[in-house]
Amino acid sequence: MIVLDHITKTYKSRHQTVTAVQDVSLRVEDGEIFGLIGYSGAGKSTLLRCINLLERPTAGRVEVDGTDLTQLGRRELQQARKKIGMIFQHFHLLNSASVADNVAFPLRLARVPRRAAMDKVHELLELVGLRGFEKHYPAQLSGGQKQRVAIARALANDPDVLLCDEATSALDPDTTQAILDLLLDIHRRLGLTMVMVTHEMSVIQRMCDRVAVMEHGKVVELGRVADVFLQPQHEVTRRLLNVDGRHRRTVLPSHATSAPVFEVTFVGDMTYAPVLAEVARETGASFSILEGSIGALKDVPYGKLLVAWQGEEDAVAAAVAALRTKGCGVEERRLTPVAVEV
Amino acid sequence: MLSDVVWPEVWQASLSTLYMVAVATVLAVVIGLPIGVLLYLFSKRASVQHRVVYELLSVIVNIFRSVPFIILLIALIPFTEWVVGTSIGTNAAIVPLVVGAAPFYARLAETALREVDAGVIEAAQSMGASTWQIVYNVLLPEARPGLISGVTITAVALISYSAMAGVVGGGGLGDLAIRYGYERFQTDVMFVTIVIMIVMVQVMQWIGDRIVASVSRKRSRG
C-alpha cells in the first residue's frame with residue numbers, strides 16, 4: 001500500500017517559489033492500478049516522483065508498504081527503491097549497453113551473480129516479448145521495443161510497485177495499445193501495485209481501477225474510474241473527457257429540439273439489457289437515441305447515451321423514474337441545436 | 001639535402017617524445033578523470049557547500065590551465081626534484097607535462113560527462129543505485145566516446161608541450177629542432193622533426209578516431 005500524506009513540493013529559485021504539488025493526500029491499495037491524470041503542469045509527474053523520492057517532498061510523508069521513505073537514510077532508501085520499479089516516457093535506457101545488459105542492470109546494482117542474473121534476464125525478455133533481442137542495442141530498437149526493455153528492467157528486482165511516468169506518451173497509437181496490453185498482462189500475472197501518470201483519458205479508461213484528477217498541484221477529483229468517467233464533477237475532468245462537447249456537434253432532428261433530452265448511463269451487465277425498450281413499453285413514452293457510446297472501462301461494460309423522450313409529460317417523467325429505479329444514471333441535458341447545412 | 005641530419009639522433013629523439021607523451025597521457029588521464037568526475041558531481045548538487053567546493057576545484061583547475069607551459073616547466077622544478085629525485089632528464093620532464101595536462105583532461109572529461117542524458121541517471125537512481133554505482137556503471141560507459149576523444153586531444157596537446165622539455169634536458173624532437181635547427185641553423189633538421197611531429201599527430205588522431213568509432217558503432221542504428 002502506498003500512502004501519500006499531506007505532500008507538498010515547492011521549488012524555490014531566486015525570484016519565485018513554484019508550488020508543484022500542494023497538500024495532496026491519497027492512498028493506493030495493494031494490487032490496484034491507480035491513475036493520475038491532468039494537463040501538463042498539473043503536478044502529476046512530480047507527485048509520482050515523490051513516491052520513490054526522486055523528488056523529495058518539501059512537506060509530508062511517503063509510506064510504501066508500511067515504511068516511511070522520508071525517514072530513511074541514504075542506503076536504506078536505495079534498498080527500498082529496489083522494490084519500486086519505474087518506467088519513463090523516454091525509456092532512459094543505457095545506450096552503451098545491450099538489451100540483456102540493460103535488463104540486468106538493476107541486478108548488477110544489487111550484486112546478483114552474473115549467471116543467475118542472465119537467467120532472470122531471459123525470463124523477463126520472454127515476459128515482455130523480446131526473446132532473441134539480447135544482443136541488440138537500444139539504437140536498433142523501435143520506441144515500443146525500447147519501452148518493453150524498460151519494463152523488463154523495471155521488473156528485474158521483483159518490485160511490489162511499478163510507477164509509470166507517461167509511459168506511452170511517446171508512442172504511436174498501435175504501440176500504445178500493445179504496451180498497455182503488456183502492462184495489464186503483467187499486472188494480472190504478478191499482481192503488483194501500479195501508479196500511472198498520463199494526460200490521456202483513454203489510458204485511464206483502459207487500465208485503471210481508480211483515478212485522481214489533478215490541477216494546479218491539487219487533486220480536484222478522485223474516485224473509481226467508472227464514477228469519474230460517467231459522472232465527472234470537476235470542470236477539469238469534464239474538459240479531459242470533453243463532456244461539454246467543445247468539439248462535439250450533436251445534430252438534432254427537428255422534432256427532438258423541443259423534446260427533453262437526457263444523458264442515460266449504464267454500468268455493468270445492464271449495459272447490454274433492453275432497458276430503454278422495456279421502460280418505453282411500460283410507460284408509453286417513446287424515445288430516440290441522439291448520440292452515444294457503449295464500451296468498457298477496464299473490464300466493466302458501460303453505456304452513455306443521449307436520449308430524447310417524447311410523449312405525455314407524465315409518461316416521460318415515469319420513464320425517467322423507471323430508468324432510475326433500474327439503476328441507470330439519468331441527467332437532463334440542455335442542448336443548443338447546431339445549425340447544419342444539408 | 002638533409003645532409004646535416006644525424007638519423008640515429010632523430011630516432012632517439014622520436015622515442016623520447018613518444019615516451020614522454022605516452023607516460024604523461026596515461027598519468028594525466030589517471031589523475032584528470034577523477035577530478036573531472038568530481039567537477040561533474042559537485043556541479044550537479046544543489047547545496048551551497050557543494051557549489052563552493054565546485055568553484056574552488058574549478059579555480060584550481062583553471063590556474064593550472066592558464067599558466068603557460070614553459071613557465072610551469074620552470075616553476076615546478078622543486079616539485080619535480082621532490083617527485084623523481086632530479087629536475088633534469090626525460091623523466092623529470094614528465095612531471096610538469098602531467099601537471100599541465102591533467103587539469104586539461106579533467107575539463108574535457110567534465111564536458112563529456114555533462115553530455116550524458118540526465119534521464120538515464122535518474123532511471124539508475126530509481127533503481128536504487130548509489131552515487132559511485134552511477135559513476136561506474138552509467139556515467140563512464142555512457143560518456144565513453146567523449147572521454148576517449150578527450151584522451152586523443154590531450155595526447156596531441158602533449159606532443160606540442162613536450163617540445164619544450166629540452167629546457168630541462170628532457171630531450172625529444174622539440175629539443176632537437178631547437179638545438180640543431182635553430183641554434184646551428186640546420187634547417188633540414190628542423191624540417192625533419194616537424195614532419196615527424198606532424199605524422200605523430202595524424203597517427204594519434206587516426207587511432208583515437210578509430211577507437212571512438214568502434215565504441216560508438218553499436219550505439220548508432222545499423
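The values are calculated or read from the model by the stated rules, or taken from the named source; none is laboratory data. Treat the numbers as computed from the prediction; the structure is a model and nothing was measured. FYI the Cβ positions are ideal-geometry reconstructions off the backbone, even for glycines, and counts take in every protein chain you see. Protein only, heavy atoms only, side chains kept; ligands, DNA and RNA dropped before computing areas. Shrake-Rupley method; radii C 1.70, N 1.55, O 1.52, S 1.80 Å.
Select from region B:41-72 the residues that are of a type in the set (F, W, Y) and under 20 Å from B:S160 (Cβ atoms) and write down the one among them that is least open to solvent (accessible area, probe 1.4 Å). Step by step, filter region B:41-72, then rank; the result is B:F69. Across region B:138-148, which residue is most open to solvent (accessible area, probe 1.4 Å) among those that are within 7 Å of another protein chain (Cβ to nearest Cβ) and touching a residue at least 12 places away in the same chain (Cβ under 8 Å)? Here the residue is B:R144. Pairing each residue of region A:3-25 that is of a type in the set (F, W, Y) with any residue that is part of a loop (DSSP other than H, G, I, E, B), provided the two are 6+ apart or on different chains, yields C-beta distances under 9 Å for A:Y11/A:T58.
Would you be able to say whether some residue in region B:120-135 is part of a helix (DSSP H, G or I) and more than 30 Å from A:A156 (Cβ to Cβ)?
no
Checking region A:163-174 against the condition returns no match, with no residue being in contact with a Phe, Trp or Tyr (Cβ under 6 Å, 6 or more places away or on another chain) and in a helix (DSSP H, G or I). Working only within region A:60-100, note down all residues that are aliphatic (A, V, I, L, M), under 26 Å from the mean Cα position of the chain (by Cα) and more than 11 Å from chain B (Cβ to nearest Cβ). Listed by number, the residues that qualify are A:V62, A:V64, A:L69. Within region A:21-59, restricting attention to residues that are among the acidic types (D, E) and open to solvent by 60 Å² or more (accessible area, probe 1.4 Å), the residue that is farthest from the chain's Cα centre (by Cα) is A:D23. Residues of region B:90-100 that are open to solvent by 10 Å² or more (accessible area, probe 1.4 Å) and touching a Gly at 6+ places or on another chain (Cβ under 6 Å): B:T90 alone. Among helices (runs of 4 or more DSSP H) entirely within region B:44-97, having at least 2 residues that are closer than 29 Å to B:L139 by Cβ singles out B:48-66.
Look at (1) under 15 Å from B:L18 (Cα atoms); (2) open to solvent by less than 30 Å² (accessible area, probe 1.4 Å) and you find that B:I198 fails only one, number (2). The condition of being in contact with a helix residue (DSSP H, G or I) (Cβ under 8 Å, 6 or more places away or on another chain), at pLDDT 85 or above and assigned to a helix (DSSP H, G or I) does not hold for B:I178.
Within region A:101-114, the set of residues being part of a helix (DSSP H, G or I) and either modelled with pLDDT of 95 or more or within 10 Å of another protein chain (Cβ to nearest Cβ) (or both) comprises A:D101, A:N102, A:V103, A:A104, A:F105, A:P106, A:L107, A:R108, A:L109.
Whenever a residue of region A:219-231 is closer than 11 Å to A:G329 by Cβ, its partners that are modelled with pLDDT under 90, lying with C-beta atoms within less than 6 angstrom and at least six residues away or across chains, give the pairs A:A226/A:V267; A:A226/A:L297; A:A226/A:V300; A:L230/A:T265. Restricting attention to region B:101-134, the residues that are open to solvent by 10 Å² or more (accessible area, probe 1.4 Å) and of a type in the set (F, W, Y) add up to 2.
May I ask you to say which residue of A:L109, A:L162, A:L93, A:L155 is crowded, with 20+ Cβ neighbours inside 10 Å and out of contact with any Gly (no Cβ under 8 Å at 6 or more places or on another chain)?
On the way: A:L109 fails: out of contact with any Gly (no Cβ under 8 Å at 6 or more places or on another chain); A:L162 fails: out of contact with any Gly (no Cβ under 8 Å at 6 or more places or on another chain); A:L155 fails: out of contact with any Gly (no Cβ under 8 Å at 6 or more places or on another chain).
Matching residue, one of A:L109, A:L162, A:L93, A:L155: A:L93.
Mind listing just one residue for me: the one in region A:123-152 that is within 13 Å of chain B (Cβ to nearest Cβ) and over 22 Å from the mean Cα position of the chain (by Cα) and, of those, nearest to B:I121 (Cα to Cα)? Top of the filtered list is A:P138.
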